[in-house]
Each structure stands twice: as structure tokens, then as C-alpha cells.
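Bear in mind these aren't lab numbers, they're just calculated from the coordinates by the rules spelled out. Bear in mind that the values here come from a model prediction, so they are computed numbers and not experimental data. Methodologically, a virtual Cβ is constructed for each residue, glycine included, from the backbone with ideal geometry; neighbour enumeration extends over all protein chains shown.
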Amino acid sequence: MPNNKDQVYGGHISERFNNELLELKTRFLEMGGLVEAQTGSAVQALTANDSVLAEQVRAGDRGVDQMEIGIDEEAILIIARRQPAARDLRLVIAVIKMVVDLERVGDEAKKIAKLALKLEKEGQMSLGYVEVRNIGRHVHAMLHDSLDAFARLDAEQALRVMKEDKRVDEEYQAAARTLLTHMMEDTRNISRCMSIMWVLRALERVGDHACNIAENVIFMVKGEDVRHTPMEETERVVGR
Amino acid sequence: MNTMSSSISAAAYTRSKGAATPVPDGQRKDTVMENKPEDTVIEEGKTVGQPFTADPKFKLRNVDVSYGADRAIKNISLDIGRNEVIAFIGPSGCGKSTFLRCLNRMNDSIDICRVKGSLELDDQNIYESKRDVVELRARVGMVFQKPNPFPKSIYDNVAYGPRIHGLANRKSELDDIVENSLRKAGLWSEAKDRLDAMATSMSGGQQQRLCIARAVAVSPEVILMDEPCSALDPIATARVEELIAEMSESYTIVIVTHSMQQAARVSNRTAYFHMGHLVEVNKTDTVFTSPQHPLTESYITGRFG
């Protein structure tokens, strides 16, 4: 049995077209891998007070930006050369949209790294780290799963990612309440808690971007736009 | 290899570098994307999408066409709507031209060709024995792949049809018909000062528009176009496509084309033919973004031809 990849990206009469689409997919997944690592490292740097790692994340964002430009260029060339249709068209369009999300996730990771450096300078104290670690793990898994859903063209997994977002929002609300309590207990905590709030906000955004990627995967696989659609309707589309 | 782990890990790197993405057997349902065209079985007479319309100009039911023992069209049912542009696409030999030629009985001249089924134009049987074929072809005009003007003047090419059908009583009426037809074909400004010139002295694109003017001159209701742009350069092609868009206001247009981009640009609905079957009919926008049938998808994405 030919493997999945051959049927989805390959099979064209033009072998070069096959390679161009495969290259696009591979480069997108490479960018996804880098962004995933950036996000994981940013959380790690913060919770371990590791300023060296935080600096690495800050510097690493340039690589993410470069990949975004490269992938867009590739996608534009495919459109110009091949006038892709149907699933090929949906793949190219989805990639163009998803790189925007990946690039933004990269920015959020950089933001977290900056806050990690600030917190590290202000003294080592683990207030709020439990919340950061929990939500960080959660959204990192969502990001990972959304990229995995893309790699395997798995609309059901994409749907699961979208459903996770509600739980992340709840965790975010709960964490915000906890931090508020800390601030009310001791006003000297306010500056630090505000920084943690920004970190949580960035992580919550990462979850949103993972959802956007998941929506695009459903569009690629099912050919239907599920943005701004009630969850029941999305479930129906995926179940078809 | 790849894991389904969702913990913070470097799995993404292995995934992106791994050549294949293994899928455990039976873990996933088949999606359209996984279907292979060669595995697809076509059920006779089964067309996905929307082959029927509310107000059909042509009502075609269970049409079967054979050349001797070869069945070229296998049980096709389709409506062609009033004032719609419908494109017939499909690989060579799929039957799209044969089917098109049934619509004004152009197949009559082929002895071994037999047409079965019900073919109605405005609820009247096209193939009834008392039908006047000349009158039918005046109502259902045709433009061919290669521009085929008569070896006459530009004027006489356009005037030929109206003359034999007796559409004009006076010279001035004929002049009006010629001018109007050339205007509709977007050729008037180029041809008005050289109406007596030989049609064959025109460029290929002009000749094709002249053939459209000639078809329009007898006030048809339907225009059939069999790959009208395949012998034209891109600029002449763009002119003809522009013309199709304008003409769709007053005519029903059926176009057979090998250029999928052309089908995407000019038509409202697209019909995909495959080995004598009508596989899918849908809105053109749907066909080119998310076709319903895997064969349609394979064809329009360039996976087989």
C-alpha cells in the first residue's frame, strides 16, 4: 500500500509539482517544530529561572520569522506556476494562513522569554509558576496536536484541539483569580503577578493560534470553512 | 518514530524530518483525500452533485450514445439551465464532445452513431422524426475548435445564415443583422472598415469571433462551443472568454474545454465526464475548491488525464 503522503501530496502527472507540495508541507512542519520548541523553552526558561535559555529563545525568533517569509514565497510560486485546484489549492491556502499563526506563536514565545528575563532579575521566587507550567503544558500539547493533525490530515484530532480551547480559557480564568488573591494579600507581589499575568495571557493566545491551525486542517481535509461556526456544526462537518 | 505523545517534547522535529507519517491500521476513517482514482468504481447513471435545475432549457434523461458496439455515453441525465454557462470537462475520450454534439444533432451525419434516451429542448423532443434539423441548428448554434469561416467576405460569412433562413427582407435589415452580430461578437470595431475583405485574411482570434458572430446572426437560443479557444493565443482567448460572459445574458452556453482554468473562469456550473459517465455536476466554484467526487478531484488537480 502506498503511504498516505504519496496520495495526498503526490500522484500528479507533474513530478515536480509533487515535490513542490511536499517541500511546502515539510518546511511548514519544520517551522511548526521550531515554534513548538520555542514555546516549550520559553516556559522552561521562566519556571527554571534560566536566563541563558531565555536569551536563546529571544534570538531564535529570527529563525521563525525567516521561515515564515520562505514558506510564503514558496506558496506564492506554487500558485503562480501551477494554479492549484481543489485539495492542492486548499493545502496552499491553509499553509499561507497557518504560517501567520505560527509566526505569532513565535512572538508570544519571545514575549514570555523577555518576561522570564525580567522576573529572573527581580529575584527568584516561584509565585505563579504552577499556573504557568500547567497552562504552558496544556497549550503546548494543543499546538503539538494541531501540527500533528496537519501532518496526518486528521480532522478528528483537529476537532479535539478546538475543544481543548474552552478548558484553557477556564484554566486561565482560574489562574487569574489565584494571582489576584496573591496581589490582595501582599501589594509587594503586584509587579511580579502582573508579569505572570502577561505570561499567561501569551500562553492563552498560543492556544488560540493552535485552534486556528486546527480550523485550517479541517478546511484542508473537509473543504469547509469552520471559522466562526458553532461547535456542533463543526462536529457535523468533521463527522461527514 | 512518531509518537502521539502530547507532552512537551521534541517530537515535532522527528515528525518533520521523518519521511512518512505512519497511520496505524483501522485508526482512521477514510476521507475523500485518501481515495485513489484507480480504486474508484463508477456506478452507471449515478451523478453526484446537482445535475438538475429548476428551469431547464435542455432536459436530458438516460441518454445513451453508441458508435457501433462502443458505448460512448452511458446513461447520462442532466439539465442545462436557461441562460446558464455550463462547462463540460474531462479527459480525452470521456464523451463530452459526443454529448455536446447530441444537443443539436451534429452526430446525425455519423452513420454508426445511435442516440437513445430522452433529449428535450424547451420540453420538445430533439430527436423526434418530424423535427426539422436545420431549424434546430438555427436555435442551437455551434462554434468549433478551429475557426472555420467560409472562404467569403466577412460580411457574407455573417449574412449567410440570415439569408438562407430568410431572416431579412431588405438589404438594410441584413446590414443591421451583420452589424449587430459583429458587435455582439466584439468584432465590429476591427471589422467595420473591411467588411468586404476575405474572412480568411483575419487573424485566428478574429476568425473565431467571426464564427461566433456567424452563429449569433441567426438569433439562436443556445450556443454550443467545442473547445473554442484551443487554437487561440492568450489574448484572443481572453477576448472570447469576455464575450462568453457578455453573451450569457441572452443565451444558454455549453462549452467543452480542455482548459480547466477556462472552465473555472467562464462557467456557472461544471460537469465532469469520465469514460462515458457523467460523474459530477456542481457549481463551478464548488468543483474547483472542493469537488465531491474523488475522480473530479484527481482530474482537476492534474493527477491523471
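Values computed for the structure shown
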| item | result |
| --- | --- |
| Burial ranking of peptide ranges B:70-81, A:122-133, A:205-216 (average Cβ count within 10 Å, highest at the top) | A:205-216, B:70-81, A:122-133 |
| Among beta bridges that DSSP assigns inside the protein assembly as shown, antiparallel share in %, nearest 5 | 55 percent |
| Interchain or long-range residues, amide H under 5 Å from B:Met142's placed H | B:Leu224 |
| For B:Gly90, distant residues with modelled amide H under 5 Å away | B:Phe273 |
| Relative contact order, percent, chain B [alpha-carbon distance under 8 Å, six or more residues apart] | 26 percent |
| B:Ser77 long-range amide H proximity, modeled H, under 5 Å | B:Asn62, B:Val63 |
| Nearest-ten-degree value, helix A:51-82 long axis tilted from longest Cα axis of chain A | 20 degrees |
| Relative packing of peptides A:9-22, B:266-279 - highest average C-beta neighbours within 10 Å first | B:266-279, A:9-22 |
| The range B:117-170: mean projected area of Cα convex hull, nm² | 5.7 nm² |
| Rounded to the nearest 20 debye, dipole of the range B:43-300 from Cβ charges on Lys, Arg, Asp, Glu | 360 debye |
| When the range A:147-240 is reduced to its Cα atoms, the Kirkwood hydrodynamic radius in Å | 14.8 Å |
| Backbone HN-Hα couplings from phi across the range B:220-232 [Karplus 6.51/-1.76/1.60, Hz, Gly and Pro as x] | x, 9, 10, 10, 9, 10, 9, 6, x, 10, 5, 9, 10 |
| Shielding of A:85-93 by partner chains, average beta-carbon count, 10 Å | 6 |
| Those lysines that a straight Cα-Cα span of less than 30 Å connects to B:Lys192, excepting residues fewer than 8 apart in one chain | B:Lys146, B:Lys152, B:Lys171, B:Lys184 |
| Three principal axis lengths of chain B [C-alpha, angstrom, descending] | 87, 43, 33 |
| Residues in the range B:254-285 reached by a label modelled at A:Ile13 [backbone nitrogen below 12 Å; 7 Å Cα→Cβ] | B:258-260 |
| Gap separating the Cα centres of the range B:137-171 and the range A:35-110, nearest whole Å | 61 Å |
| Efficiency of FRET from Cβ geometry, B:Arg183 and A:Leu22, R₀ 60 Å, rounded to 0.05 | 0.75 |
| Sites A:Asp186 and A:Ala59, calculated FRET efficiency, Cβ-Cβ separation with R0 41 Å, nearest 0.05 | 0.70 |
| Whole-angstrom gap from the range A:153-186 to the range B:41-112, using each part's C-alpha centre | 57 Å |
| Ellipsoid equivalent to the range A:107-183 - semi-axes via the Cα gyration tensor, in Å | 29, 16, 8 |
| R0 of 56 Å, Cβ-Cβ distance A:Gln66-B:Asp70: FRET efficiency to nearest 0.05 | 0.45 |
| Space enclosed by the convex hull of the alpha-carbon atoms of the range B:258-305, per residue, Å³ | 71 Å³ |
| The range A:4-239 - Rg over Rh from alpha carbon coordinates, Kirkwood radius | 1.04 |
| B:Phe304 versus B:Met275: modelled label distance in nm, points set 7 Å from Cα along the beta carbon direction | 0.7 nm |
| Using alpha-carbon coordinates, inclination of helix A:190-222 to the longest axis of chain A, degrees | 10 degrees |
| J(HN,Hα) series, the range B:132-139, from Karplus relation 6.51 cos²θ - 1.76 cosθ + 1.60, nearest Hz, glycine and proline x | 7, 5, 5, 5, 4, 6, 6, 6 |
| Whole-Hz ³J(HN,Hα) from phi, Karplus 6.51 cos²θ - 1.76 cosθ + 1.60, for the range A:85-102, glycine and proline x | 10, 6, 4, 5, 4, 5, 4, 5, 5, 4, 5, 4, 6, 6, 5, 4, 4, 4 |
| Distance (nanometres) between label positions extended 7 Å along Cα→Cβ at B:Asp285 and A:Val100 | 2.0 nm |
| Stokes-Einstein D (µm²/s) once Rh is taken as the Kirkwood radius of the range B:32-157 over alpha-carbon pairs, at 20 °C in 1.002 mPa s | 129 µm²/s |
| Cα shape, the protein assembly as shown, gyration tensor, a/c 1.5 rule | prolate |
| Point-to-point label distance, A:Arg177-B:Val133, nm (Cα→Cβ direction, 7 Å offset) | 8.5 nm |
| Shielding of A:140-153 by partner chains, average beta-carbon count, 10 Å | 4 |
